[in-house]
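Nothing in this text is a laboratory measurement; each read-out follows from the coordinates by a stated rule. Source: prediction; values computed, not measured. Using ideal geometry, Cβ is built from the backbone for each residue, glycine included, and neighbour counts are taken over all protein chains shown.
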């Protein structure tokens, strides 16, 4: 049973970590990267707190939150990319009104799109007076599907716009293209369009009759060998995993194997590093196919928890350790 107080003055504030999430009941405890970060934080001795955006408020000039301290129940890796967890995967220990500055780290773990709800959250977190990952102004400044276009030499051929005619010409020029909305996420509304009689109809649907911005990228047959997710921590590669399309779906599936890090990956990371560091985008996931950069996930980067289950890596723990490194007895 959770206890509740009107205001908590923490005695060990340096060991408290806040996760701003979507409702916990909607998270998939066996695969969700946010829960992986929570579990790693708990395993490393930190107190795990969580809230939804609606529980943040500015009171008397300070950002405060109605937060919930939870304890995750034991878990163990399964036989694939999933963890074996209890149906009820956590217990709530306490609910309290806490000054956000009392937390050592605040994780922004709201699923995209970056809509009004998400944007309003980032403006509030600008006032946090503690470390926020990823930094709110950085999320606003860097669009994860368009950042790759700053490096055209590293990307496949790309068109961004609303014109069905221009898109049709793009598809004809390249034979096939992946078309997805600029504000899309999680593989929703992603189209594989071929240079055939169905192209115009599909492109009209994808752009909603020329009213929706989409990204069209040259289809890369190398995707059959895997879409590589590079896990970046302050712009440095800390791991990589391969994901492949299912035989019944052209879209990318869960991780299937460890990915070697090659010269193209290092070039991509080196190009991204200055921007990621400049904007405080500490955790990022770069998607690479055949050595070409597709997009860079910065709003709620995922895949770490699945990879840790599948391969026995410790990506989630490495991230938490990096963010809460102890130096001279001070948690920074």
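Would you kindly state how much longer the chain becomes between residue 140 and residue 211 on full extension, computed as 0.36 nm times their sequence separation minus their alpha carbon distance, in nm to one decimal? Don't jump to the answer; show the numbers that get you there.
On the way: separation 71, 0.36 × 71 = 25.56 nm, distance 2.29 nm.
Result: 23.3 nm gained on full extension.
Calculate the FRET efficiency for residue 257 and residue 322 from the Cβ-Cβ distance with a Förster distance of 30 Å, rounded to the nearest 0.05. Kindly include the intermediate steps, with their values, before the conclusion.
Numbers: r = 25 Å, r/R0 = 0.83.
Efficiency at R0 = 30 Å is approximately 0.75.
Measure nothing fancy, just the Cα-based angle from helix 164-174's long axis to the longest principal axis of the chain, in degrees from 0 to 90, nearest 10.
Relative to the chain, helix 164-174 is tipped by roughly 80 degrees.
Compute the distance from the alpha-carbon center of the range 148-213 to that of the range 43-76, in whole Å.
40
Given the chain, what percent of its DSSP beta bridges are antiparallel, to the nearest 5?
Roughly 75 percent of the beta bridges in the chain run antiparallel, per DSSP.
So how compact is the range 124-173: Cα radius of gyration and Dmax in angstrom?
For the range 124-173, the Cα radius of gyration and maximum Cα-Cα distance read 16.9, 52 Å.
So what is the relative contact order of the range 3-134, in percent, for Cα pairs below 8 Å that sit 6 or more residues apart? Could you put the intermediate results ahead of the total?
Numbers: 232 pairs, mean separation 42.2, N = 132.
Once normalised by length, the contact order is 32 percent.
Determine, for 91, 265, the number of other Cβ atoms within 10 Å of each Cβ, and report the residues in order from fewest to most. Walk me through the numbers on the way to the answer.
Working: 91 13, 265 19.
Ranking 91, 265 by Cβ neighbours within 10 Å, fewest first, gives 91, 265.
Once you place label points 7 Å from the Cα toward the Cβ at residue 195 and residue 55, how far apart are they in nm?
Using points 7 Å along Cα→Cβ, the separation is 5.4 nm.
Explain nothing, just the number: relative contact order of the range 222-298, from Cα pairs under 8 Å at least 6 residues apart, as a whole percent.
On the way: 144 pairs, mean separation 27.3, N = 77.
The normalised contact order for the range 222-298 reaches 35 percent.
What is the angle, in °, between the Cα long axis of helix 116-125 and the longest principal axis of the Cα atoms in the chain? Nearest 10 is fine, range 0 to 90.
Computed tilt is about 40 degrees.
Equivalent-ellipsoid semi-axes (√(5λ), Cα gyration tensor) for the range 63-111, whole Å, largest first?
Numbers: eigenvalues 157, 40, 14 Å².
So the equivalent ellipsoid measures 28, 14, 8 Å along its semi-axes.
By the gyration tensor of its Cα atoms, with a ≥ b ≥ c the square roots of the eigenvalues, what is the shape of the range 89-208: rounded for a/c under 1.5, prolate for a/b over b/c, or oblate?
Values: a/c = 3.38, a/b = 2.46, b/c = 1.37.
Prolate is the answer for the range 89-208, as a/c is 1.5 or above and a/b outweighs b/c.
So for the pair residue 93, residue 267, with labels modelled 7 Å out along Cα→Cβ, what separation do we get in nm?
The two pseudo-label positions are separated by 4.9 nm.
First measure r as the distance between the Cβ atoms of residue 166 and residue 28, then evaluate 1/(1 + (r/R0)^6) with R0 = 45 Å and state the FRET efficiency to the nearest 0.05.
On the way: r = 38 Å, r/R0 = 0.85.
Efficiency, rounded to the nearest 0.05: 0.70.
Just the C-alpha atoms of the range 157-219: what Rg/Rh do they give, with Rh taken as the Kirkwood radius? Each step should come with its number before you reach the end.
On the way: Rg = 10.0 Å, Rh = 11.0 Å.
The Rg/Rh ratio comes out at 0.91.
If I take R0 = 22 Å and measure r between the Cβ atoms of residue 150 and residue 224 in this structure, what FRET efficiency does the formula 1/(1 + (r/R0)^6) give, to the nearest 0.05? It would help to have the intermediate numbers written out before the result.
On the way: r = 28 Å, r/R0 = 1.26.
That pair, residue 150 with residue 224, gives E of 0.20.
Based on the alpha carbons, how large is the Rg to Rh ratio for the range 222-298 when Rh follows Kirkwood? Mind dumping the intermediate values first?
Values: Rg = 12.3 Å, Rh = 12.5 Å.
Checking Rg against Rh, the ratio lands at 0.98.
First obtain the Kirkwood hydrodynamic radius of the range 3-134 from its Cα pairs, then insert it into the Stokes-Einstein equation at 10 °C and 1.306 mPa s, and state the resulting D in µm² per second as a whole number.
Details: Rh = 15.3 Å.
Here the translational diffusion coefficient equals 104 µm²/s.
Do you know the relative contact order of the chain, to the nearest whole percent, from alpha carbon pairs under 8 angstrom that are 6+ apart? Walk me through the numbers on the way to the answer.
Values: 675 pairs, mean separation 65.6, N = 332.
Reported relative contact order: 20 percent.
Taking neighbour counts of Cβ atoms within 10 Å as a proxy for exposure, in what order, fewest first, do 49, 191 appear? Numbers along the way, then the final one.
Values: 49 27, 191 17.
So the ranking, lowest neighbour count to highest, is 191, 49.
Tell me what the chain gives for mean residue ellipticity at 222 nm when only DSSP H runs of n ≥ 4 count, each as -39,500 (n - 2.57), the sum divided by the residue total, rounded to 500 deg cm²/dmol.
Working: 8 runs with 79 residues, N = 332.
-7000 deg cm²/dmol, from helical runs alone.
In whole Å, how far is the Cα centre of the range 268-331 from that of the range 215-234?
So the two Cα centres are separated by 16 Å.
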